[in-house]
Amino acid sequence: MTQHFQIRLPDGSVREVEPGTTPADVAAAIGPGLAKAAMAARVNGELRDLNRPFEEDAELALVTARDEADALELVRHDYAHVLAEAVQNLFPGTQITFGPATDDGFYYDFAPAPGRGPFTEEDLPVIEEEMRRVIARDDALVREVWTRDRVRDFFEKQGERFKAEWVMELPADETITMYRSGNWMDLCRGPHLASTGRLDPQAFKLTRVSGAYWRGDQKNAMLSRIYGTGWLNRKQLDAHLLRLEEAAKRDHRRIGQEMDLFHLQSEAHGSVFWHPKGWAIWRGLEAYMRRRLDAAGYREIKTPQLMDVGLWEASGHWGKFRENMFVVPDEVPGTDPDRPVLSGTGDLMALKPMNCPAHVQVFRQGITSYRDLPLRLAEFGTCHRNEPHGALHGIMRVRQFTQDDAHIFCTPEQVFEETVGFARLLDTVYRDLGFPAYTIKLALRPEQRAGSDSLWDAAETTLRDAVAFAKLSGEGFNFSELPGEGAFYGPKLEFHLTDAIGRTWQCGTLQLDYVMPERLDASYVGADGERHRPVMLHRAILGTFERFIGILIEHHSGRFPLWLAPVQAVVATIVSEADDYAREVAGALSAAGIRVESDLRNEKINYKIREHSLAKVPNLLVLGKREAEEHTVALRPLGTDARQEVLGLDALVARLVAEATPPDLRASPPQQGLDGGNRRG
RNA sequence: GCCGCGUUAGCUCAGCUGGUAGAGCAACCGCCUUGUAAGCGGUAGGUCGUCCGUUCAAGUCGGACACGCGGCACCA
């Protein structure tokens, strides 16, 4: 008697099928429309090939383009596969390695054929064409189960050393599958579409080339990566390309130049020249942070830029971080043109790459009692780090930056409450600045670390619980854990924000540190009269002003909330008869603390409106003969087209002053208690 | 640091196979006193990133370096 399988469909119906039956067969039995639309199958929750026979009773859901996440993942993976086949067709001797789907497409890493260098962007159109040929050939993508040794022998024979190396490291219990399309084969877990022809030949585009290390390790070979973006259809692709174009307009480097906020130049690469308008944003942000920190019980300090190398040796930075430090010899430079400027024998000092050792020095002055804890020392601390050359990026990754840094010295028992307090403060600040949604990551113990496992257990649990207690993890929150990513001295929380094109940047952080107080001999006197080591929490909310302002620019497309806008209003006249009145209006606003500029040029009002709109000035105050006579102002907020409101001068001043009030100075709802949540909307 | 690409007027960019630099916008000057996203006319502006080389001749070809861009690795 033949064994039949019971296949349960999402509508609850059950079909009895013979062994050898595939999801494709079931789809065909249901109807030709579904057979055509089906791209893959979810069998007992696992995404599988349409043509892979059932092996047991199963829950089956057929995946179509409507299941967009699954469908995109499938086609992107297939595009990568087609890319690899196309490259090997065109460039024999190229070795294949990995080619996964990404958030918007796919990539494939190749080892170029000997004698042929890495791929360049000029190669891409040719490869795209070949990919279309592979798609047009519509070869079936066939799954085959092979043994490990057979796969290795196969690839070794083909000169594919990367694939041969990789297959031998797959877990022993893993089923090893090869996918065949025509004569071409790749080691792949799958699943894939039934055939290459199921891909839309007009829904992908190869976008760029890049180097990438084999298995992500700098010590390994540099491979040549080709990136593409891939979609279900042409319309989606075009929409995506349009989004990228729009995103490019929000690039902080571009807006920084257009709005005259800052510039960079090669003589000080990695350090920002802040212009008056950019600095106005910084000042507004700093003043706001200072108020928030004061209110949260922090005490602000200022510590030296240059400190003797001895201190960095004691802190451990000299050993671990020296390559990233700027070292300054403490000697008078020679003035004899025939002799070297530096003797090389002077004592060494270093620009601080972080503030913590200096903060410990402040903590160590005098004797601290347990009654003084927690002690929260804050500094807008300017640091220098000599970053790897290729890492610099606009003002988001620089060599001189200012952190909104603070170190909380506390007892182990206070860590939880301090972490909760910090998380809430950060959440408030991020909301005030327009970021109700952000990503939180908990970086867990690395391979190489200081301290016992039980200490790490406790530290990780404390941070995890504190985030949960602050109601910032769980349903609706973007919280994840990163095994192995913590600092060697303790676990850390990372708070990430996203830039215009979707890259995420770590901004806020909180790091638990049991080591630094020990190394720099920080102690307090406990209730028992004995000396104890405090725990140190390194923490920052913005992270650095440079990066955070960069993110702010991109997030708001340069249209800052009024309280941060570098120019809050421009008075623009229509006729010169209004000039005197315009000066009066500008004077009144300026006296009320509004950052206002006047445009009395002999230009058409159309011209002025266009210019100041492009400059993203939030409020345009238009004054003609009528307004001058009636002592009113026509208020034209940015982005409201021709709509405007005519106000009396006093009303206007009151209105702008109210709107330009920083969020922390506005009338606020009653304070929440310790167990009050800040739930995200 | 690694791979690829780039660097021409204040900005955005053109300049084919080497023959000595061009546009639009901005700037400046003049006219227009103007009502909600570009009025009109004119003028000026560049040792083509730096250095070295090939050549009768280099923005253009080759090399080195610097910086930038996209990734990789590293990180706030």
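The values are calculated or read from the model by the stated rules, or taken from the named source; none is laboratory data. Because the structure is a prediction, the values reported are computed rather than measured. Reconstructed Cβ throughout: ideal geometry from the backbone, glycine too, with neighbour counts over all protein chains shown. Surface accessibility is based on the protein's heavy atoms, side chains included, excluding ligands, DNA and RNA. Shrake-Rupley method; radii C 1.70, N 1.55, O 1.52, S 1.80 Å.
In this structure A:K277 has an accessible area near 70 Å², from a 1.4 Å probe over the protein heavy atoms. A probe of 1.4 angstrom, applied to the heavy atoms of all protein chains, finds A:S598 with accessible area near 60 square angstrom. At most 16 other Cβ atoms within 10 Å and a DSSP loop assignment: could you name the GluC sites (Glu not before Pro) in segment A:479-540 that fit? Sparse-neighbourhood loop GluC sites (Glu not before Pro): A:E485, A:E530. For chain A, the longest principal axis of the alpha carbon atoms and the long axis of helix A:68-90 meet at an angle near 70°. Considering only A:F495, A:G99, A:A280, the residue lying farthest towards the positive end of the dipole of chain A is A:A280, judged by Cα position with unit charges set on Cβ. Cross-link partners of A:K36 among lysines, defined as those whose alpha carbon lies under 30 angstrom from its own and excluding same-chain residues fewer than eight positions apart: A:K205, A:K235. Computing FRET efficiency as 1/(1 + (r/R0)^6) for A:A247 and A:E128, where r is the C-beta to C-beta distance and R0 is 22 Å, gives about 0.45. Element breakdown for segment A:418-478 at a 1.4 angstrom probe: carbon and sulfur atoms account for 49% of the accessible area.
For the pair A:T102 and A:E447, a Förster radius of 30 Å applied to the C-beta separation gives a FRET efficiency near 0.65, rounded to the nearest 0.05. With 23 Å as the limit on Cα-Cα distance, the pairs of A:K277/A:K302; A:K320/A:K352; A:K302/A:K492; A:K277/A:K608 that go past it are A:K277/A:K302; A:K302/A:K492.
Could you work out the relative contact order of segment A:399-476, using alpha carbon pairs under 8 angstrom and six or more residues apart, expressed as a whole percent?
Relative contact order for segment A:399-476 comes out at 46 percent.
Scanning residues 5 or more positions from A:C507 or on other chains, those with amide H under 5 Å from its amide H are A:F495, A:H496, A:L497, with H placed 1.01 Å from N in the peptide plane.
At 1.4 Å probe size, with every protein chain present, just tell me what the per residue accessible area of chain A comes to in Å².
On the way: 33190 Å² over 681 residues.
The answer is 49 Å² per residue.
Of the residues A:V420, A:V145, A:T382, the one whose Cα sits farthest towards the positive end of the charge dipole of chain A is A:T382 (charges of +1 on Lys and Arg Cβ, -1 on Asp and Glu Cβ, taken about the Cα centre). Label sites at A:W279 and A:Q158, each approximated as a point 7 angstrom past Cα along Cα to Cβ, lie 6.2 nm apart. In whole angstrom, how far apart do the alpha carbon centroids of segment A:418-455 and segment A:341-390 sit? If you average the Cα positions of each part, the centres end up 22 Å apart.
What size of dipole, in debye to the nearest 20, comes out for chain A about its Cα centre when the only charges are +1 on Lys and Arg C-beta atoms and -1 on Asp and Glu C-beta atoms? It would help to have the intermediate numbers written out before the result.
Values: 81 positive and 101 negative charges, 186 e Å.
It comes to approximately 900 debye.
Entry note: segment A:35-119 has Rg to Rh equal to 1.11, where both radii use alpha-carbon atoms and Rh is the Kirkwood radius.
As a fraction of the 1.4 Å probe accessible area of segment A:84-175, surface on carbon and sulfur atoms comes out at 50 percent.
Could you size up the charge dipole of segment A:412-542 around its Cα centre, putting +1 on the beta carbon of Lys and Arg and -1 on that of Asp and Glu, and report it in debye to the nearest 20? Mind dumping the intermediate values first?
Details: 13 positive and 20 negative charges, 75 e Å.
So the dipole magnitude of segment A:412-542 works out to roughly 360 debye.
Here the dipole of segment A:1-121 is about 300 debye; that uses its Cα centre as origin and unit charges on the Cβ of Lys and Arg (positive) and Asp and Glu (negative).
Distance from the Cα centroid of segment A:311-327 to that of segment A:576-604 is 53 Å (rounded to whole angstrom).
At a 1.4 Å probe radius, carbon and sulfur cover how many percent of the accessible area of segment A:269-393? Numbers along the way, then the final one.
On the way: 3560 of 6770 Å².
Summing carbon and sulfur atoms, their accessible area is 53 percent of the total for segment A:269-393.
Taking all protein chains as shown and a probe of 1.4 angstrom, A:F488 keeps an accessible surface of around 70 Å².
By the rule of a C-alpha distance below 19 Å, with chain neighbours fewer than 8 residues away ignored, the lysines paired with A:K604 are A:K616, A:K625. Between the Cα long axis of helix A:545-556 and the first principal axis of chain A there is an angle of about 70°, rounded to the nearest 10.
Along the charge dipole of chain A, which of A:W312, A:A247, A:M536 sits closest to the positive end, that is, farthest toward it, with unit charges on the beta carbon of Lys, Arg, Asp and Glu (+1, +1, -1, -1)? Checked the options; the winner is A:A247. One chain, two ends: A:D347 and A:S266. Fully extended at 0.36 nm per residue, the span grows by 26.2 nm beyond their Cα-Cα distance.
Where the alpha-carbon atoms of chain A are placed on the principal axes, they occupy 93, 76, 69 Å, in descending order.
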